[in-house]
1. Name the one entry in T110, T72, T100, T84 that is assigned by TED's automatic domain parsing to the domain that holds S43, touching a residue at least 24 places away in the same chain (Cβ under 8 Å) and in contact with a His (Cβ under 6 Å, 6 or more places away or on another chain).
2. Check P45 against each of (1) more than 22 Å from W112 (Cβ to Cβ); (2) outside any loop (DSSP other than H, G, I, E, B); (3) not basic (K, R) and name the one condition it does not meet.
3. Determine if the range 496-513 includes at least one residue that is surrounded by fewer than 21 Cβ atoms within 10 Å (Cβ to Cβ), at pLDDT 85 or above and either assigned to a loop (DSSP other than H, G, I, E, B) or not hydrophobic (A, V, I, L, M, F, W, C) (or both).
4. For the range 362-395, give me the residue count where each residue is under 26 Å from the mean Cα position of the chain (by Cα) and in a strand (DSSP E or B).
5. Under 8 Å between Cβ atoms, which residue pairs at least 6 apart in sequence (or on different chains) link something in the range 425-439 that is part of a helix (DSSP H, G or I) with a partner that is among the acidic types (D, E)?
6. Got a sec? Which of E133, E194, E159 is acidic (D, E), surrounded by 10 or more Cβ atoms within 10 Å (Cβ to Cβ), modelled with pLDDT of 80 or more and not assigned by TED's automatic domain parsing to the domain that holds L20?
7. Considering only residues of the range 463-492 that are outside any helix (DSSP H, G or I) and in contact with a Leu (Cβ under 7 Å, 6 or more places away or on another chain), which is surrounded by the most Cβ atoms within 10 Å (Cβ to Cβ)?
8. So, in the range 97-138, exactly how many residues are part of a helix (DSSP H, G or I) and over 16 Å from L69 (Cβ atoms)?
Amino acid sequence: MLDLFRPFFDGSYAPHGYCLLWQPELIWTHVIADALIALAYFSIPLVLISFVRRRNDIVFGKVFWLFALFITACGLTHVMAIWTLWDSVYGLEAIVKVVTAGASVATAATLWPLLPKALALPSPAALRAANAELAATISERDAALARMREEMAQREQAEAALLQSRKLEALGMLSGGIAHDFNNLLQAVGGNLELIERRSTEPDRVQRWSRNAHKAVQHGKALTSQMLAFSRVQKLVMATVSVAAVLDNVSELLKGSIGPSNRLEIVPIDEDLAVATDKAQLELAILNLVINARDAMPKGGTIAISAEGRTGDVHADLPVGDYVEISVRDNGVGMLPEVLERALEPFFTTKVVGEGAGLGLSMVFGVARQSGGTVQLDSTPGAGTTVSLILPRVPMRAVGQEEGNVAETVTEGGRSLAGRSILLIDDDDGVRETLVEALSEAEAKVVSASSGDVGLQHLRRMRPDLLVVDFAMPGLSGAEVASLARATHAGLPVLIVTGHARTAEVDAIAGPRVTVLQKPFSADTLIRTANSMIAESRRD
């Protein structure tokens with residue numbers, strides 16, 4: 001066995017330089033050529049290895065390593081060619097060639113099966129075409145997204161318009177009941193004032209009749225506040241809402257909407273029941289349900305409203321949790337199964353043209369979904385319908401004050417305005433005279449004007465302690481007067497009185513030293529608010 005390998009280590013062979021007759025030209029030509037080839041061969045594997053290590057996504061990484069081994073072995077054969085010029089280590093050279101042969105065969109055996117896969121790789125032209133197609137797809141997607149955003153914006157505008165039209169439709173349906181209520185209010189106010197005029201020398205009776213008239217005014221104020229909340233265009237504000245408070249606030253409107261042949265029952269509500277929703281939308285939703293119940297009872301009947309807390313799996317469309325179920329039940333004609341199935345669809349209605357747009361229940365369903373809840377319908381033909389508004393229950397917390405009534409809770413200041421100068425601007429003669437009398441009775445020095453232009457002329461000649469201005473006036477509005485006045489009288493406190501809902505114009509100037517007082521208000525509220533604002537401005 002040893003004899004087989006002895007020739008590999010026998011040093012008796014003549015070196016390769018002997019065969020070249022030790023001619024320097026030949027010797028050094030071989031040395032230089034083999035050295036350059038070896039260096040090139042050694043550098044190529046370094047490039048391949050560096051490339052594979054940096055590109056882990058290369059599909060044919062294994063063959064690159066085989067190429068590196070093969071080319072390295074080739075480089076070693078050229079090193080051995082230089083060595084054997086002076087030293088006859090032909091055995092070692094043979095071993096290097098065997099390793100090179102093995103690496104070459106392994107590389108070739110691996111490379112041939114990869115040929116179909118390599119040919120299947122996309123060409124640069126195919127890649128450019130794919131990139132162009134991808135760019136076109138992205139462009140189409142961007143265009144589709146732009147169209148979708150535009151459609152969503154149009155849909156939101158349409159939904160806002162539908163909601164506003166439903167509010168106005170509901171107000172139209174309420175007009176008869178509201179007119180009846182206001183006629184009663186006017187009768188109460190007018191009758192008591194007439195009695196006061198006739199018996200002005202009887203103080204006890206005058207005070208009683210005055211209190212009765214004042215109660216009627218407060219009742220009218222509550223009605224107009226609800227009407228303004230329903231008719232205005234406003235941003236939706238999610239807040240913690242007491243269910244009992246909502247039903248209490250809207251009860252007068254509900255009574256005025258059901259007609260004389262129907263009866264309204266509101267089951268006592270747990271004060272701890274609260275939901276997170278938009279208060280005005282919830283009130284409008286309940287009003288819509290009551291109007292639908294009224295229309296379902298042409299011969300009259302009873303509409304019952306209740307609310308209760310429910311826990312667990314309350315509806316298939318809702319996750320397990322705590323909910324509040326607000327139900328409106330009537331004993332009217334009920335709905336057929338095919339009508340019940342479509343009752344929540346927008347514009348679907350069984351009423352004749354002119355009696356309804358088919359938006360009531362769909363609007364209620366929209367409020368429920370926006371608040372994380374749903375609507376459940378139960379109806380039996382001839383026996384009545386129950387519509388349940390199911391909303392997630394939230395912990396009860398102190399509910400913020402209604403906007404536009406900020407000044408109602410003023411407690412600072414007394415009833416005396418002695419030494420204070422007030423500029424009062426209101427285009428309504430009756431209101432202006434009443435406010436002047438109230439402020440003058442509190443010993444204020446009052447200068448009044450019937451328009452914004454006249455008021456601004458007064459401002460050029462005086463520096464009042466307070467500006468009281470009506471919001472809605474011909475010509476310059478109260479908001480415009482306030483802005484112009486504060487431009488020339490920095491820090492001037494402004495009290496805006498208005499019979500309208502709070503609007504964006506008012507919000508634009510609202511801030512420090514600007515207070516909004518909702519009509520109607522008492523003389524005591526006006527005086528206390530004025531005192532507080534003047535005192536605060538002087539502290540600053």
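1. Going through T110, T72, T100, T84 in turn, just one is assigned by TED's automatic domain parsing to the domain that holds S43, touching a residue at least 24 places away in the same chain (Cβ under 8 Å) and in contact with a His (Cβ under 6 Å, 6 or more places away or on another chain): T84.
2. Among (1) more than 22 Å from W112 (Cβ to Cβ); (2) outside any loop (DSSP other than H, G, I, E, B); (3) not basic (K, R), P45 violates only (1).
3. No, every residue in the range 496-513 fails to be surrounded by fewer than 21 Cβ atoms within 10 Å (Cβ to Cβ), at pLDDT 85 or above and either assigned to a loop (DSSP other than H, G, I, E, B) or not hydrophobic (A, V, I, L, M, F, W, C) (or both).
4. Our first condition is that a residue be under 26 Å from the mean Cα position of the chain (by Cα); within the range 362-395, this holds for 362-376, 388-395.
After this cut, where a residue has to be in a strand (DSSP E or B) as well, the list is 374-376, 388-393.
Counting residues in the range 362-395 that are under 26 Å from the mean Cα position of the chain (by Cα) and in a strand (DSSP E or B) gives 9.
5. As it stands, the answer is V431/D470; R432/D426; L435/D426, since those pairs meet every condition given.
6. Exactly one residue qualifies, and that residue is E133.
7. Filtering first and then ranking leaves V468.
8. Matching residues across the range 97-138 total 24.
The values are calculated or read from the model by the stated rules, or taken from the named source; none is laboratory data. What you are looking at is a predicted structure, and each value in this text was computed from that prediction instead of being measured. Backbone-built Cβ (ideal geometry, glycine too); neighbour counts: all protein chains shown.
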